[in-house]
1. Only one residue in Gly174, Gly164 is surrounded by fewer than 21 Cβ atoms within 10 Å (Cβ to Cβ), at positive phi and out of contact with any helix residue (DSSP H, G or I) (no Cβ under 8 Å at 6 or more places or on another chain). Which one?
2. Regarding the range 68-81, can at least one residue be identified that is hydrophobic (A, V, I, L, M, F, W, C) and within 17 Å of Gly173 (Cβ to Cβ)?
3. Give the residues of the range 28-45 that are buried (at least 19 other Cβ atoms within 10 Å of the Cβ) and either of a type in the set (A, V, I, L, M, F, W, C) or assigned to a loop (DSSP other than H, G, I, E, B) (or both), sorted by residue number.
4. Scan Glu74, Glu48 and give me the residue that is under 23 Å from Ala111 (Cα atoms), surrounded by fewer than 20 Cβ atoms within 10 Å (Cβ to Cβ) and over 17 Å from the mean Cα position of the chain (by Cα).
5. Among the residues of the range 89-105, which ones are under 18 Å from Asn170 (Cα atoms) and in contact with a helix residue (DSSP H, G or I) (Cβ under 6 Å, 6 or more places away or on another chain)?
6. Here's a check for you: in the range 95-139, which residue that is touching a Gly at 6+ places or on another chain (Cβ under 8 Å), among the β-branched types (Val, Ile, Thr) and without any contact (Cβ under 8 Å) to a residue 60 or more places away in the chain is surrounded by the most Cβ atoms within 10 Å (Cβ to Cβ)?
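Throughout, read-outs are computed from the coordinates displayed, never taken from laboratory work. Keep in mind that what you see is a predicted model, and the values were worked out from it rather than measured. Virtual Cβ from ideal backbone geometry, glycine too; neighbours counted across all protein chains shown.
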Amino acid sequence: MKISVSILSSSINAADIVKKLDNTEADYIHVDIMDGKFVENKTWTFSEMKKITSYSRLPLDVHLMVENPKKYIEDYAMLNTDTITFHYEAVKDIDEMIEYVKNYGLKVGLAINPDTPANVLFPYLGKIDEIIVMSVYPGKSGQSFIYESLDKIKELRTEIDTKGYRCVINVDGGVNNETAPLCKEAGVDMLVSASFIHKDIKNNIKLLKNI
């Protein structure tokens, strides 16, 4: 199982989390960028994130929870970014945004909120590299897992496997030692976790990795 460690925390400094990750089995740093418009909360500026992520060699899995993702792409392409994911709900021309991200040599992902059905992603599965199924309402760390998300994951897994697509399924929100096995059974390829991992960074990454 691939593990993307979210550095969004209400109790631990993000830089302190990042500094520990190179000595773990984590695959990615999950960077949540919020603009205070698409979601209520607002996170780091680009200059802050540039400094925070400089403490690790791990690639970045950037999740843009913003109204206008296009204005963030060029900056984050300058960092050690592997994938940039934007929200289906935030963009009118999905195909244009997919190509815009790809033009920077990055992998591209699409995220959906809990109220958005999985099948809206079907037309794009052959064009993207990653899906993020939000299993909490975006914007805050520490929320409880929404179990209906498992049905979405199963639906996407079936469509991806039937059509032979290569995009990975990622789930974000409320992921811990109890919900992670359910996500794996439903068909995810990668887990994003924040609060659970932050309790014991090295050991809990290892635990999720070996689910």
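1. Values: Gly174 fails: surrounded by fewer than 21 Cβ atoms within 10 Å (Cβ to Cβ).
Checking each option against the conditions leaves just Gly164.
2. Going through the range 68-81, the residues hydrophobic (A, V, I, L, M, F, W, C) turn out to be 73, 77-79.
Imposing the further condition that a residue be within 17 Å of Gly173 (Cβ to Cβ) reduces the set to none.
No, that holds for no residue.
3. Of the residues in the range 28-45, the ones buried (at least 19 other Cβ atoms within 10 Å of the Cβ) are 28-34, 38-39, 43.
Hits for the range 28-45 are Ile29, Val31, Ile33, Met34, Phe38, Val39, Thr43.
4. On the way: Glu48 fails: under 23 Å from Ala111 (Cα atoms).
Being under 23 Å from Ala111 (Cα atoms), surrounded by fewer than 20 Cβ atoms within 10 Å (Cβ to Cβ) and over 17 Å from the mean Cα position of the chain (by Cα) holds for just one of Glu74, Glu48, which is Glu74.
5. None - no residue of the range 89-105 is under 18 Å from Asn170 (Cα atoms) and in contact with a helix residue (DSSP H, G or I) (Cβ under 6 Å, 6 or more places away or on another chain), so the list stays empty.
6. Ile131
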